[in-house]
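Asker: This is the structure I want to talk about, given as structure tokens.
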Amino acid sequence: MLKLANRVSTLKSSSIMEISAKAAQLKAQGYEVISLAAGEPDFNTPQPIQAAATLAMKEGITKYTPAAGFQALREAIAKKVTKENSYSVDPEEVLVTSGAKHGLYLTLQCLVNPGEAVLIPTPAWVSYRPMIELAGASVIPLPLYEEDGYRPNVDRWKGMAIPPNAKGIIINSPNNPTGVVYSREELMKLTGWALQRNLWIISDEIYEKIVYDNLAHTSVAALGPEAKRATITISGFSKSYAMTGWRFGWAIADKPFISKMAALQSQSNSHVTSFVQWAAITACDLPESVAGSMVAEFDKRRRYCMERLDKLSQHLSYTRPTGAFYIFINLSKWLIANKMTDLEFCKDLLEIAHVGMVPGSSFGKEHTIRMSYATNLENLTKAFDRLESFLTR
Ligand code: PMP
Ligand code: GLU
């Protein structure tokens, strides 16, 4: 067998993608599987974006582009962010990336040295840790507590020694896996706490357009010039315009940092696919109603799921989500009574009941599970019927 580099020897695939693949495999074998594992909208990408990509291909926008992205797209993103996210951005501060995921990867490669550490309020999305470790750095989890509704509470971390090698912190609101949206005040406190410790802030805002209950999303970089100076913002349209397969996103940071990220991109994946970039210019200009109608549909599903979960309160509890499309469920009562781990539960739920969910331990929180409600009500009804009989069998 080929000898692997140390850097990847312990690297594992994304657990979410693995569960989704396993669900797809069972489906291919003829089972009626309902996967609530991957956070992927079931809608198709809005028609104007599709049409723009098709036209771009016809017109020959099929060649290499600048590594940082088409200038017209960088301008469109800067304009969108200045208008919608309430802080001013120059096109030179924007890098077009292959999804938010690769934006995060490039950021961490450019920001952290081997031997340094990155703080992550936890539970947290599965890919942060491996990306940090690939940069040779280590992770310091900052615990979030269920009794705080998984909201950041810097007072909780008072007694923690933050080592001098800590380089940055990843903030993710609206949050995956908890669905919690941090308020402006909470973000002010969290950002102040990070700045006092000389931490750079990576703000993952991929769910920025998906908020409920009349809440508003706050961008960390909009909290003031100090916050903007210290922040690398990552976002994109994968979730808000159902563009997960397009692999498009962006990073915003100061010009020298962005130009180094562009250099790394030029030496690795070159740039984002040309006609995808062209279509993204159209996406930047769509009226609010486009994401709004999808969010309204997610909201119906969210309410349905909460109703069904409320009926299972003798077995589980959950944190009320106000953003993204996930519900984070505490299953400790049931798991302890049945002597099972969350990992075993998700495996059995998929194999026996043909319902896919993600074990909370993948996000750093045992005895929990995460469900995505980015699927239609018919599927959700079936999934809950099956979950109910699985729990009470
Ligand atoms: N950040 C978070 C918190 C996510 O849940 C995801 C999952 N898509 C990403 C980043 C990556 O997004 P993209 O698909 O645009 O790469
Ligand atoms: N981010 C999505 C999720 O958390 C998709 C999976 C992934 O990108 O790893 O389900």
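The values are calculated or read from the model by the stated rules, or taken from the named source; none is laboratory data. Since the model is a prediction, treat every value here as computed from it, not as a measurement. As a convention, Cβ positions derive from the backbone with ideal geometry for all residues, glycine included, and neighbour counts pool all protein chains shown.
Asker: Could you tell me whether any residue of the stretch 125-148 is at pLDDT below 95 and over 17 Å from the mean Cα position of the chain (by Cα)?
Answerer: Within the stretch 125-148 (the criterion being at pLDDT below 95 and over 17 Å from the mean Cα position of the chain (by Cα)), the answer is no, since none of the residues qualifies.
Asker: On the basis of being within 16 Å of ligand 2 (Cβ to nearest atom), within 29 Å of TYR241 (Cα to Cα) and buried (at least 21 other Cβ atoms within 10 Å of the Cβ), does TYR207 make the cut?
Answerer: Against the criterion (within 16 Å of ligand 2 (Cβ to nearest atom), within 29 Å of TYR241 (Cα to Cα) and buried (at least 21 other Cβ atoms within 10 Å of the Cβ)), TYR207 qualifies.
Asker: Next up: Pull up the stretch 351-389, narrow it to residues that are within 16 Å of ligand 1 (Cβ to nearest atom) and part of a loop (DSSP other than H, G, I, E, B), then point me to the one that is surrounded by the fewest Cβ atoms within 10 Å (Cβ to Cβ).
Answerer: By that ranking, first place goes to THR375.
Asker: Tell me yes or no: at least one residue of the stretch 167-182 is in contact with a strand residue (DSSP E or B) (Cβ under 9 Å, 6 or more places away or on another chain), within 16 Å of ligand 2 (Cβ to nearest atom), among the charged types (D, E, K, R) and under 29 Å from LYS260 (Cβ atoms).
Answerer: no
Residue by residue, here is whether (1) touching a Phe, Trp or Tyr at 6+ places or on another chain (Cβ under 9 Å); (2) among the β-branched types (Val, Ile, Thr); (3) assigned to a loop (DSSP other than H, G, I, E, B); (4) modelled with pLDDT of 95 or more holds:
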site: PHE257; (1), (2), (3), (4): no, no, no, yes
site: ALA263; (1), (2), (3), (4): no, no, no, yes
site: HIS271; (1), (2), (3), (4): yes, no, yes, yes
site: VAL276; (1), (2), (3), (4): yes, yes, no, yes
site: ALA280; (1), (2), (3), (4): yes, no, no, yes
site: ALA283; (1), (2), (3), (4): yes, no, no, yes
site: LEU286; (1), (2), (3), (4): yes, no, yes, yes
site: SER289; (1), (2), (3), (4): no, no, no, yes
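Asker: Pairs only if they're at least six apart or on different chains, beta carbon under 8 angstrom, first in the stretch 31-52 and under 17 Å from GLY236 (Cα atoms) and of a type in the set (A, V, I, L, M, F, W, C), second within 14 Å of ligand 1 (Cβ to nearest atom) and assigned to a loop (DSSP other than H, G, I, E, B); list them, first residue then second.
Answerer: PHE43/ALA242; ILE49/TYR241; ILE49/MET243
Asker: A further question on this structure: Mind counting the residues in the stretch 168-186 that are away from ligand 1 (no atom under 14 Å from the Cβ), surrounded by 21 or more Cβ atoms within 10 Å (Cβ to Cβ) and of a type outside the set (Val, Ile, Thr)?
Answerer: 1
Asker: Further, regarding this structure: I'm trying to understand the selection: among the residues of the stretch 175-199, which are of a type in the set (Phe, Trp, Tyr) and farther than 25 Å from SER238 by Cα?
Answerer: The answer is TRP193, and nothing else.
To keep it simple, each residue is scored yes or no on (1) away from ligand 2 (no atom under 16 Å from the Cβ); (2) crowded, with 20+ Cβ neighbours inside 10 Å.
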| residue | (1), (2) |
| --- | --- |
| VAL8 | yes, no |
| GLU18 | no, no |
| LYS27 | yes, no |
| PRO41 | no, yes |
| THR54 | yes, no |
| PRO66 | yes, no |
| ASN85 | yes, yes |
| SER88 | yes, no |
| LEU111 | yes, yes |
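Asker: Next up: Just to confirm my filter: which strands (runs of 3 or more DSSP E) fall fully inside the stretch 164-237 and include at least 3 residues that are more than 16 Å from ILE120 (Cα to Cα)?
Answerer: none
Asker: A further question on this structure: If I ask for residues that are among the polar types (S, T, N, Q), closer than 15 Å to THR375 by Cα and outside any helix (DSSP H, G or I), which ones from the stretch 1-53 would you list?
Answerer: Result: SER35, ASN44, THR45.
Asker: What pairs come up if the first residue lies in the stretch 309-320 and is more than 14 Å from SER372 (Cα to Cα), the second is modelled with pLDDT of 95 or more and loosely packed, with under 10 Cβ neighbours inside 10 Å, and their beta carbons are under 9 Å apart, counting only those six or more places apart or on different chains?
Answerer: Pairs found: HIS315/ALA337.
Asker: When you check ARG302 against the structure, is it on the phi > 0 side of the Ramachandran plot, within 23 Å of the chain's Cα centre (by Cα), surrounded by 15 or more Cβ atoms within 10 Å (Cβ to Cβ) and modelled with pLDDT of 95 or more, yes or no?
Answerer: Answer is no for this residue.
Asker: Let me ask you something else. Condition test on LYS228, is it away from ligand 2 (no atom under 16 Å from the Cβ), among the basic types (Lys, Arg) and either buried (at least 18 other Cβ atoms within 10 Å of the Cβ) or on the phi > 0 side of the Ramachandran plot (or both)?
Answerer: It is true that LYS228 is away from ligand 2 (no atom under 16 Å from the Cβ), among the basic types (Lys, Arg) and either buried (at least 18 other Cβ atoms within 10 Å of the Cβ) or on the phi > 0 side of the Ramachandran plot (or both).
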